Each structure stands twice: as structure tokens, then as C-alpha cells.
Amino acid sequence: MNNYYNYGFNSNNNQNNTLNKKIDNTNPSVGFERGNLFDNLYEPYKNYKPVDLNPKTEKEYLMYQVQMYSFALNDLNLYLDINPNDTEMINLRSRFLKEYQDVFNQYETKYGALGVNSNVLNKTPWGWDSAFPWEVNN
């Protein structure tokens with residue numbers, strides 16, 4: 001059986017309101033590290049164990065948080081495409097969006113722009129004066 005059934009569709013294309021979803025509503029890091037927020041849809045590959053990501057600096061931690069919330073928002077978006085009336089998940093998405101925006105702004109304020117559409121670039125001289133966020137100096 002494919003996972004679409006678990007997301008809320010049965011063979012008649014009707015919504016299934018009894019979806020047994022389980023998400024850690026306080027911290028999406030487990031879902032980010034394994035690639036799936038929903039416990040009932042996660043099936044590990046063979047003996048694969050997700051790697052614990054351990055940021056070593058504040059900059060790495062903020063980048064981790066930006067990526068984690070971005071992933072959570074995308075995963076919830078896919079769920080809500082199929083279950084648009086799930087108020088609990090809509091509220092969770094709203095909360096994660098606010099946390100994403102907060103951590104995104106913290107990162108850009110301290111370490112510079114994450115993209116060319118950043119507000120921190122609206123200054124003279126041009127503000128793209130540091131290494132790209134994915135560049136590592138060893």
C-alpha cells in the first residue's frame with residue numbers, strides 16, 4: 001500500500017478524517033533529521049539510523065534552525081494540500097512559520113543575507129560582503 005492512503009486518501013478519493021498522525025509539536029528536529037515529520041509515515045531504510053546533527057557554533061545552530069523549520073513548513077504544506085481542513089496542523093504550520101521567520105531574521109541580522117531578496121542587502125555599500133552561508137572556512 002502506498003503512503004497516500006495514510007495521508008488521508010482512500011481508494012474512493014474521499015478524505016479520511018481518522019488519520020493517525022503523530023508529530024512532536026514542540027520541536028521538528030527529529031522529523032528534519034530523518035526526513036519525515038509524521039511518525040506513522042516514517043519507514044527507515046534497512047538498518048539506517050538518522051545522524052544526530054550537532055551544530056558547534058551559534059552560526060551553525062541558527063542555520064540548522066532555519067533549515068529545520070523550512071523543512072517542517074514544506075512537509076506540513078504537503079500534508080495540508082491533502083487535508084486542508086485540519087485546524088491542528090494549520091495552527092502548527094502558523095507556529096512553525098513564526099519561529100522560522102524569527103530564526104531567519106536572527107541569522108541575517110548577525111551573519112548576513114541568506115539570499116538576494118534579503119532586506120539586509122538594502123544598504124550602501126552593497127551588503128553581500130561575506131562568504132555564502134554554505135561555504136566553510138577550515
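Just so it is clear, none of the values below were taken in a lab; they were calculated from the coordinates. All values derive from a computational prediction rather than experimental measurement. When we count neighbours, we look across all protein chains shown, and the Cβ atoms used for this are built from the backbone with ideal geometry, even at glycine.
Which cross-chain or sequence-distant (5 or more) residues have an amide H under 5 Å from the amide H of Y42, H modelled 1.01 Å from N in plane?
Under 5 Å from the amide H of Y42 lies no amide H from a residue far enough along the sequence or on another chain.
For segment 119-124, what does the Karplus curve 6.51 cos²θ - 1.76 cosθ + 1.60, with θ = phi - 60°, yield as ³J(HN,Hα) per residue in whole Hz, taken in order and with x for Gly and Pro?
5, 5, 8, 7, 8, 10
Using the Karplus curve 6.51 cos²θ - 1.76 cosθ + 1.60 with θ = phi - 60°, what ³J(HN,Hα) values do you get for each residue of segment 108-116, in whole Hz, with x for Gly and Pro?
Using θ = phi - 60°, the values come out as 5, 5, 8, 10, x, 5, 9, x, 6 Hz.
Label points 7 Å out from Cα along the Cβ direction at S94 and E58: separation in nm?
Using points 7 Å along Cα→Cβ, the separation is 3.2 nm.
For the pair K123 and R34, what calculated FRET efficiency results from E = 1/(1 + (r/R0)^6), where r is the Cβ-Cβ distance and R0 = 30 Å, to the nearest 0.05?
0.15
Can you list the HN-Hα couplings for segment 89-96, worked out from phi with the Karplus curve (6.51, -1.76, 1.60; θ = phi - 60°), rounded to whole Hz and with x for Gly and Pro?
6, 5, 5, 5, 4, 4, 5, 5
Applying a 10 Å radius around every beta-carbon, put 43-54, 92-103, 113-124, 77-88 in order of their mean neighbour count, most first.
Working: 43-54: 8.1, 92-103: 15.8, 113-124: 11.4, 77-88: 13.4.
So the peptides 43-54, 92-103, 113-124, 77-88, ranked by packing, come out 92-103, 77-88, 113-124, 43-54.
Quick one: which of K46/K98; K59/K98; K59/K123 span more than 26 angstrom between C-alpha atoms?
Working: K46/K98 36 Å; K59/K98 20 Å; K59/K123 22 Å.
Pairs exceeding 26 Å: K46/K98.
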